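To start, the structure itself, in structure tokens.
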Amino acid sequence: MTSFKRRTFVGMLAAGAMGLVQAPAQAEDQFINILTGGTSGVYYPLGVGLSTIYGEKIEGARTQVQSTKASVENLNLLQQGKGELAFALGDSVKLAAEGNADAGFKAPLDKLRGIAAVYPNYIQIVASKESGIKTLADLKGKSVSVGAAKSGTELNARAIFAAAGMSYDDLSKTEYLPFAESVELIKNRQLDATLQSAGLGVSSIKDLSTSVEIQMVAVPEEIVAKLGAPYISATIPSGTYTGQDADVGTVAVVNFLVTHSDVSDDLAYEMTKQLFENLPDLESAHKAAAQIKLEKAMDGMPIPLHPGAERYYKEKGIM
């Protein structure tokens, strides 16, 4: 082999070796870890739906769905770069950007960037019929689960209790449990009620309503008025759960999909685009996705948009 041919052959080997080394790095750049919540909530099935969509539609994407304690944990993980996309409640996102220590944020989370407003979370308070609970005031002296400690649900519970002139001290017992565990305790008569912040038809309350007689507890309009933004009035339609034979007034807060500033513009663009261009597929994962609307994608966004998401919205003419 001549010297020239030898150099060319060696160069080809080196180039091939570099290609082999670089290929995983390119795939790594398209890794999407989706941070959700408990498996019995709404975040998780929607996260699974998005994972499937992204895996099929985004070239080179490798996806993973991570079950977490939801909003607060998700936002802290994003700040640390331990996820590429997360579901979070609007009030949690606002408090994270402000660095509210009481809410679980030791300092302002300055890397958070918005992808889209998605669907509203309905604060759903449900008690066993035999507990005798019918109103918010009836929760006094009862045992109640308010969601995992410092989760988005628990922040909602604190806010509602405060607006109603109540606190956890008014309860006989306060449990800090995920949705499914709360329901199991009610079934076993070890708990009177649970407050769950989730999309309509959340599987945990559906499960409870088919196991025992339930009582949905309303959040009155005057409490909603005291809460103010980002909370809004909402209704849980009759028939949402077994045995619920009337509409129930409550309060809702919008959920957001959030990413962080270290995610590339191209990936953020694709995550936004594939979300809105595959909504029927996402709705098959959970009906809460039916409430996701492109024209409402930026409503109430409490943090800066990611430039990649902004590019998509400009293309669609809504910015």
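A few comments on the model shown:
- Selection over segment 222-250 of residues that are at pLDDT 95 or above and under 26 Å from Leu112 (Cα atoms) gives a count of 0.
- Subset of segment 282-319 that is among the hydrophobic types (A, V, I, L, M, F, W, C) and part of a helix (DSSP H, G or I) - its residue that is farthest from Gly81 (Cα to Cα): Ala290
- When segment 54-72 is filtered for residues that are surrounded by fewer than 23 Cβ atoms within 10 Å (Cβ to Cβ) and assigned to a helix (DSSP H, G or I), the ones remaining, listed by number, are Gly55, Glu56, Lys57.
- Of residues in segment 104-126 being of a type outside the set (Lys, Arg) and out of contact with any strand residue (DSSP E or B) (no Cβ under 9 Å at 6 or more places or on another chain), the one nearest to Ala148 (Cα to Cα): Gly104
- When each of Phe87, Phe105 is tested for being among the aromatic types (Phe, Trp, Tyr), in a loop (DSSP other than H, G, I, E, B) and under 16 Å from Gly152 (Cα atoms), the lone residue that passes is Phe105.
- Residues that are of a type in the set (Gly, Ala, Ser) and either buried (at least 23 other Cβ atoms within 10 Å of the Cβ) or part of a loop (DSSP other than H, G, I, E, B) (or both) within segment 187-205 comprise Ala193, Ser197, Ala198, Gly199, Gly201, Ser204, listed in sequence order.
- Of all residues making up segment 252-281, the number that are buried (at least 23 other Cβ atoms within 10 Å of the Cβ) and either assigned to a helix (DSSP H, G or I) or on the phi > 0 side of the Ramachandran plot (or both): 4
The values are calculated or read from the model by the stated rules, or taken from the named source; none is laboratory data. Bear in mind that the values here come from a model prediction, so they are computed numbers and not experimental data. As a convention, Cβ positions derive from the backbone with ideal geometry for all residues, glycine included, and neighbour counts pool all protein chains shown.
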